[in-house]
Amino acid sequence: MNNLLEIQHLIQKQLWIDPVGALQNLSLLQEDLLWLDSEGIFPNQSFIVDRFPKALRYPASHNLEIFYDQCKHDEASKKKYEKIENQYLEFISHLWGVSEFHLVSNLFEKSNLLKKSFPEEMKFFEENFMSFHDFENKPLVFKNYNQIEFLIKLSLKEKITTCVVLADLKTIIWINSLALKILIMHKTDKDFINLVSTTNGLYLR
């Protein structure tokens, strides 16, 4: 119980002003922001952003949901995926426009597995990320949006996991599929993020 209260305090107070210190303190509590159970810790402030206004029933979900690996070998399906992916990229870029991003990712851990499947992307990785160290345990701020978009695209394709801390909106987004897990601390920020979602054809629920 004490650990839970400490984790809540770190997320509610320290993370927005000192992301590096907050992650270090989470580690001391044997917690990792990248895999944090936000729904268990903040059930009333945890949401999903995706393309559907309600959770899909089965078997409708099997027909309506889309995954990169199921589309990549068919040109028409791949174009459909890319159109949907762009909705998420627009959503993320609009949020980046109003809040600094602190990013944590397991990109380095997955990089060797990605070299064969994504040779062009991994060339970009080698040119733009090799100077960064301890990326999974230390939040980084990128001034170049191309670096952020690179991480988001691989995360939407379910190849890596990326956690985005939006300090100015007191919000965290976890990305490892086309269903974004999101923690929003304040109602005013929730209203704004809901507006950005619907503007880009997505739903906050």
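The values are calculated or read from the model by the stated rules, or taken from the named source; none is laboratory data. This is a predicted model, so every value here is computed, not measured. As a convention, Cβ positions derive from the backbone with ideal geometry for all residues, glycine included, and neighbour counts pool all protein chains shown. To get the accessible areas, we keep the full protein, side chains included, count just its heavy atoms, and leave off ligands, DNA and RNA. Shrake-Rupley method; radii C 1.70, N 1.55, O 1.52, S 1.80 Å.
The conditions are (1) over 16 Å from the mean Cα position of the chain (by Cα); (2) open to solvent by less than 20 Å² (accessible area, probe 1.4 Å), and Asp18 fails exactly one of them. Which is it?
(2)
What tally of residues in the range 125-153 results from selecting those that are in contact with a strand residue (DSSP E or B) (Cβ under 8 Å, 6 or more places away or on another chain), over 23 Å from Gly40 (Cβ atoms) and open to solvent by less than 60 Å² (accessible area, probe 1.4 Å)? Lay out the reasoning, then the answer.
Here is the first cut: in the range 125-153, the ones in contact with a strand residue (DSSP E or B) (Cβ under 8 Å, 6 or more places away or on another chain) are 132, 135-142, 148, 151-152.
Checking the rest, the ones that are also over 23 Å from Gly40 (Cβ atoms) come to 132, 135, 138, 140-142, 148, 151-152.
Next, from what is left, pick out any that are open to solvent by less than 60 Å² (accessible area, probe 1.4 Å): 132, 135, 140-142, 148, 151-152.
Residues that pass the stated criteria total 8.
Can you name the number of the only condition in (1) open to solvent by less than 20 Å² (accessible area, probe 1.4 Å); (2) in contact with a Gly (Cβ under 7 Å, 6 or more places away or on another chain) that Ile92 fails?
Against the list (1) open to solvent by less than 20 Å² (accessible area, probe 1.4 Å); (2) in contact with a Gly (Cβ under 7 Å, 6 or more places away or on another chain), Ile92 comes up short only on (2).
Only residues that are out of contact with any helix residue (DSSP H, G or I) (no Cβ under 7 Å at 6 or more places or on another chain) and of a type in the set (Val, Ile, Thr): list them for the range 161-171, please.
Val164
Looking at the structure I just gave you, is Leu107 under 18 Å from the mean Cα position of the chain (by Cα), surrounded by 11 or more Cβ atoms within 10 Å (Cβ to Cβ) and more than 24 Å from Thr198 (Cα to Cα)?
Yes: the conditions hold for Leu107.
Are there any helices (runs of 4 or more DSSP H) wholly within the range 98-205 with 2 or more residues that are under 24 Å from Gln70 (Cβ atoms), and if so which?
Once the helices (runs of 4 or more DSSP H) in the range 98-205 are filtered for at least 2 residues that are under 24 Å from Gln70 (Cβ atoms), what remains is 107-117, 119-128, 145-156.
Can you tell me which condition Gly201 does not meet? The list is (1) at positive phi; (2) open to solvent by less than 20 Å² (accessible area, probe 1.4 Å), and all the others hold.
So Gly201 meets the others, but not (2).
Mind telling me which of the residues Leu5, Leu33 ends up being in contact with a Cys (Cβ under 8 Å, 6 or more places away or on another chain) and either within 19 Å of Val104 (Cα to Cα) or exposed (fewer than 14 other Cβ atoms within 10 Å of the Cβ) (or both)?
From the options Leu5, Leu33, the qualifying one is Leu33.
Scan the range 33-88 for residues that are among the charged types (D, E, K, R) and under 29 Å from Asp189 (Cβ atoms) and report the count. Write out each step before concluding.
Restricting attention to the range 33-88, the residues satisfying the condition of being among the charged types (D, E, K, R) are 37, 39, 50-51, 54, 57, 65, 69, 72, 74-75, 78-80, 82-83, 85.
From what is left, the residues that are under 29 Å from Asp189 (Cβ atoms) are 37, 39, 50-51, 54, 65, 83, 85.
Total satisfying the criteria: 8.
Taking the range 50-66 as the region of interest, how many residues are open to solvent by less than 70 Å² (accessible area, probe 1.4 Å), in a loop (DSSP other than H, G, I, E, B) and touching a residue at least 60 places away in the same chain (Cβ under 8 Å)? First the steps, then the outcome.
As a first pass, look at the range 50-66 and keep what is open to solvent by less than 70 Å² (accessible area, probe 1.4 Å): 50-52, 56, 59-61, 66.
Remaining after also requiring in a loop (DSSP other than H, G, I, E, B): 51-52, 56, 59, 66.
Now restrict to residues that are touching a residue at least 60 places away in the same chain (Cβ under 8 Å): 51-52, 66.
Adding up the residues that qualify gives 3.
Return yes when Phe47 is under 27 Å from Lys138 (Cα atoms), outside any helix (DSSP H, G or I) and either open to solvent by less than 60 Å² (accessible area, probe 1.4 Å) or in contact with a strand residue (DSSP E or B) (Cβ under 9 Å, 6 or more places away or on another chain) (or both) and no when it is not. Let's see the steps before the verdict.
Details: under 27 Å from Lys138 (Cα atoms): yes; outside any helix (DSSP H, G or I): yes; either open to solvent by less than 60 Å² (accessible area, probe 1.4 Å) or in contact with a strand residue (DSSP E or B) (Cβ under 9 Å, 6 or more places away or on another chain) (or both): yes.
So Phe47 passes the test.
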